[in-house]
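I have placed the structure first, in the form of structure tokens, so that the comments after it can refer back to it.
The values are calculated or read from the model by the stated rules, or taken from the named source; none is laboratory data. Since we're looking at a predicted model, the values are computed, not measured. All Cβ positions, glycine included, derive from the backbone under ideal geometry; neighbour counts span all protein chains shown. Please note that ligands, DNA and RNA were not included when accessible areas were found on the heavy atoms of the full protein model with its side chains. Shrake-Rupley method; radii C 1.70, N 1.55, O 1.52, S 1.80 Å.
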Amino acid sequence: MAGEPSGGDLSRLRQLNSLAVIKALQGGTSLTLTEVAKRTGLSRASTEDVVRELLQKGWLTEAEPTAGGVGRPARRYRFRAEAGRVLGVDIGGHNVRAVVADLDGAVQNTARVPVTPEMGRAERLEAVDRAVTECLETVGLTGGDVWASGVGTTGLVDGAGRVVLSEALPEWTGVDLAAHVRRLVPAPVLVENDSRLAALAECWRGVARYAKDMVFLLAGLRTGAGLVIDGKLHKGFANASGEIGALPVLGWIRAQEHLSDASGEAGDVFAAARAGDRAAAAAVRRYVRDLALGTSALVLALDPQMVVVGGGFSRSADVLIEPLRRELDRWCIRTPEVRMSALGEEGVVLGAVRLALDDVEDRVLDGRTPLVGHR
């Protein structure tokens, strides 16, 4: 009969309904069937079918009934966030961070291993191994307990998890990060540029949760950008979106040099500018001007709702945000809201966690991830 949904359409609809129910119950919420139906917009009958299937697959469990009330309490259901774990890793110039989280994204444990910008490939990869191993073993987990891993790194990364180009870290171009991490954690490993992961984290748990179009600036010992368009992380045709810093005329390559020229460490420059030191204040202004050129180009191209500044310099919001806003006013037709990251240096690793959770949820949609039998 014309107009009737095909088998594939019905299967996709069931998968979308399953994800809608899971989303309604994530975060520790326990709900009755009636409450789940109201939150998802599904009929009572459809909700009952979906909940029954998710109970069989191990994604949901029956929760303790609510105390009080008259008569037999309605059954309540909750998402089994404890059924699996995801791993997030941030490979930076000065630290390698690892985080293990449950399926709600609640962090269970963290580990940090110091590194240096000059460190070679072998030493940095060894630090990755140490951070991952420490993070898991401290809470009694093994690599087999992890359902998916997200990894953030500087540079261009291809779809297979290999670093195509990295100018910030020695010997880093060509490293197959996905294959390396899978030695310890056999589940799917997704590798992404650190600026994009920080942008993803801001949309998940940061100041950009209500922004559908956003430019994220990773401001630190190097400068990078992540773009969110219509609520989705934008990667581009060849996974190279946001690499506007590759244009030397925009000044992102040299921007941080203004800060080290003044009095040594960038943190000292910001502190001196805050205390009224004229030379330090001038250095910060030069840094912001360079930062604003590339930012203005992105703003003019995308017309975002918000610009979020994160990374290592985000602790100095009081001396960065207003000068940046004034520079954007000079160049942009419309200056978007300019905010400082709420996540700071944790943004990349939390974005890696979100990337891993997205992979797990994708496998809910295509039916490849029943949880029964897993820890």
Given the candidates PRO304, VAL96, TYR77, the one whose Cα lies deepest towards the positive end of the charge dipole of the chain, counting +1 at each Lys or Arg C-beta and -1 at each Asp or Glu C-beta, is TYR77
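Top to bottom by accessible area (1.4 Å), largest first, where do CYS332, CYS203 land? Intermediate values should be presented prior to the final figure.
Details: CYS332 15, CYS203 40 Å².
Most to least solvent-accessible, the answer reads CYS203, CYS332.
Provide the percentage of antiparallel DSSP beta bridges, counting only those with both residues in the chain; round to the nearest 5.
Details: 33 of 54 bridges.
Around 60 percent antiparallel, to the nearest 5.
Magnitude of the Cβ-charge dipole of the stretch 177-233, K/R +1 and D/E -1, about the Cα centre, nearest 20 debye?
Values: 8 positive and 5 negative charges, 37 e Å.
Value, rounded to 20: 180 debye.
Any idea what the relative contact order of the chain is, in percent, if you count C-alpha pairs under 8 Å spaced at least 6 apart?
On the way: 743 pairs, mean separation 64.1, N = 375.
It rounds to 17 percent for the chain.
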Scalar couplings 3J(HN,Hα) for the stretch 111-120 by Karplus 6.51 cos²θ - 1.76 cosθ + 1.60 (θ = phi - 60°), nearest whole Hz, x for Gly and Pro, are 9, 9, 10, x, 9, 10, x, 7, 4, x
For the stretch 203-304, dividing by residue count, accessible area per residue (probe 1.4 Å) in Å² works out to 49
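Using the heavy atoms of the protein chains and a 1.4 angstrom probe, tell me the accessible area per residue for the stretch 107-189 in square angstrom.
On the way: 3730 Å² over 83 residues.
Accessible area per residue, the stretch 107-189: 45 Å².
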In the stretch 108-257, taking the dipole from +1 charges on Lys and Arg beta carbons and -1 charges on Asp and Glu beta carbons about the Cα centre, the listed residue (TRP147, GLY174, VAL228) farthest towards the positive end is VAL228
On the accessible surface of the chain, probed at 1.4 Å with all protein chains in place, carbon and sulfur together account for a percent value of 52
When the charge dipole of the chain is computed with +1 on Lys and Arg Cβ and -1 on Asp and Glu Cβ about the Cα centre, the Cα farthest towards its positive end, among TYR210, GLY120, VAL249, belongs to TYR210
Residues whose built amide H sits under 5 Å from the amide H of LEU190, excluding neighbours closer than 5 in sequence, are SER149, GLY150, VAL151
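Please give the per residue accessible area of the stretch 33-103, computed with a probe of 1.4 Å over protein heavy atoms only, in Å².
Values: 3520 Å² over 71 residues.
Solvent-accessible surface per residue comes out at 50 Å².
Work out the length of the dipole vector of the stretch 258-335 about its Cα centre, built from +1 on the beta-carbon of each Lys and Arg and -1 on the beta-carbon of each Asp and Glu, and round it to the nearest 20 debye.
Values: 10 positive and 10 negative charges, 43 e Å.
About 200 debye.
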For the chain, the dipole about the Cα centre with charges only on Cβ (Lys and Arg +1, Asp and Glu -1), to the nearest 20 debye, works out at 920
Ordering 78-88, 55-65 by per-residue average of other C-beta atoms within 10 angstrom, highest first, gives 78-88, 55-65
With -39,500 (n - 2.57) per DSSP H segment of 4 or more residues and division by the full residue count of the chain, the 222 nm estimate, nearest 500 deg cm²/dmol, is -13000 deg cm²/dmol
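Quick one: which of LYS57/LYS232; LYS38/LYS212; LYS23/LYS57 span more than 23 angstrom between C-alpha atoms? It would help to have the intermediate numbers written out before the result.
Values: LYS57/LYS232 29 Å; LYS38/LYS212 25 Å; LYS23/LYS57 16 Å.
Cα-Cα > 23 Å for LYS57/LYS232; LYS38/LYS212; rest within.
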Under a 1.4 Å probe, counting only protein heavy atoms, ILE321 has an accessible area in Å², nearest 10, of 20
For SER30 the rounded accessible area (nearest 10 Å², probe 1.4 Å, non-protein molecules ignored) is 40
